[in-house]
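The values are calculated or read from the model by the stated rules, or taken from the named source; none is laboratory data. Just so it is clear, the model here is predicted, and its values are computed rather than measured. Quick reminder, even Gly has a Cβ in these numbers, built from the backbone with ideal geometry, and neighbours come from all protein chains shown. These accessible areas exclude ligands, DNA and RNA; they are computed on the full protein's heavy atoms, side chains included. Shrake-Rupley method; radii C 1.70, N 1.55, O 1.52, S 1.80 Å.
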Amino acid sequence: MQIEPQAFDRVLSSMCTEPHPVAREAAERFLATNPGDPGTYPTITALEDDAVAMLGELTGLEEPAGYIASGGTEANIQAVRIARERAETRTPNVVMPESGHFSFQKAADVLGVDLRIVPTDDSFRADLEAVRACVDEQTAMVVGVAGTTEYGRVDPISELGDIAASVGAMLHVDAAWGGFVLPFTDHEWHFGHAPVDTMTIDPHKMGQAAVPAGGLLARSDDLLDALAVDTPYLESTSQATLTGTRSGAGVASAVAAMRELWPEGYREQYVRAQHNAEWLADALEKRGYDVVEPTLPLVAADLPQSTFDALRADGWRISRTATGKLRVVCMPHVTREMLASFISDLDRLEVRASAPVMGDD
């Protein structure tokens, strides 16, 4: 019996989504190509150059360097690796807010770097005073997040850049999820707004490319030199990626999606997603739940554990923040009808929970 993939009709917590039809078709066509061997597969190599150029256009960088990675985790690890290799100390540290992705913990462990985690402020953004107090002469990188995983917040990137510069550190921005919605907002988050050195931005999230299609961008080619290793048996002489052999599916699907949707398609998608998030936040507030204002298309709200568990049992794929809040990400596949159905189930469960038990006085 052939096993079918899970449908997205009740998936509300994932930062991945159904790929755009043109991205799906491109992924299938380039599935067996390997951008890790550019001498043998020049077509996919040229497409990767196009992908990096288009990501640069999204992020305010005219001549970007980088590549299509497997996802945000690989890109973040590589950014930390660049910082470590360029540091002038044998005991480098990386400073990031507690809202940073757990991939930085992996990077610190693999690379032997001291990861210093500072608190966020009342708005769930990096606490600048805490960052200032934490950096020192051994700081190799300061991390800012542009679209946090739990609350969809954008750190004060320009100010973090100033702090990084004060100790000679690099500035990395993790825009893995937010990068494809932030161009249509007033936030300052990219290379054109601040002295950003490296950035993570994932086409397979709000970009609607097929998984896996992450992105690592660098302000200049020399930053990638820190990652390069010799490749004596290939026609190319060196390689700066982490995985080596990669499927061209991610590269081709990223290019196809961006060509199809940038910029107006992504703008319409952002507006729709943001309106859905605001609708859901309003619906939850009207029912008496404490809701974190959705500055990007992500809703977090206090929900009783019993209600959360019951919704999961009903098949809703929802998740919680570290503090236990319900977390819903309004990805492209999340429609108003889905959210209305979710609220309907929530109402039904609340009515059931409040109904008197037989035999009660």
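LEU223 meets all of the listed conditions (1) at pLDDT 95 or above; (2) within 20 Å of the chain's Cα centre (by Cα) but one, namely (2).
Every condition in (1) within 26 Å of ALA277 (Cβ to Cβ); (2) over 13 Å from the mean Cα position of the chain (by Cα) is met by VAL173 except one, and the failing one is (2). Among the residues of region 155-172, write down those that are in a strand (DSSP E or B) and open to solvent by 10 Å² or more (accessible area, probe 1.4 Å). Result: MET170, single match.
The single residue among GLY288, GLY324 that is modelled with pLDDT under 95, of a type in the set (Gly, Ala, Ser) and at positive phi turns out to be GLY324. When GLU337, GLU260 are checked against the criterion of being assigned to a helix (DSSP H, G or I) and free of Cβ contacts under 8 Å to residues at least 24 places away in the same chain, GLU337 stands alone in meeting it. Residues that are in a strand (DSSP E or B) and crowded, with 23+ Cβ neighbours inside 10 Å occur in region 126-137; there is at least one. The residue of region 1-37 that is most open to solvent (accessible area, probe 1.4 Å), among those that are charged (D, E, K, R) and part of a loop (DSSP other than H, G, I, E, B), is GLU4. The one condition from (1) within 20 Å of LEU182 (Cα to Cα); (2) in a loop (DSSP other than H, G, I, E, B); (3) open to solvent by less than 60 Å² (accessible area, probe 1.4 Å) that VAL52 does not meet is (2).
For region 285-302, a residue qualifies if it is outside any loop (DSSP other than H, G, I, E, B) and either crowded, with 22+ Cβ neighbours inside 10 Å or over 26 Å from the mean Cα position of the chain (by Cα) (or both), and the qualifying residues are GLU285, LYS286, LEU298, VAL299, ALA300.
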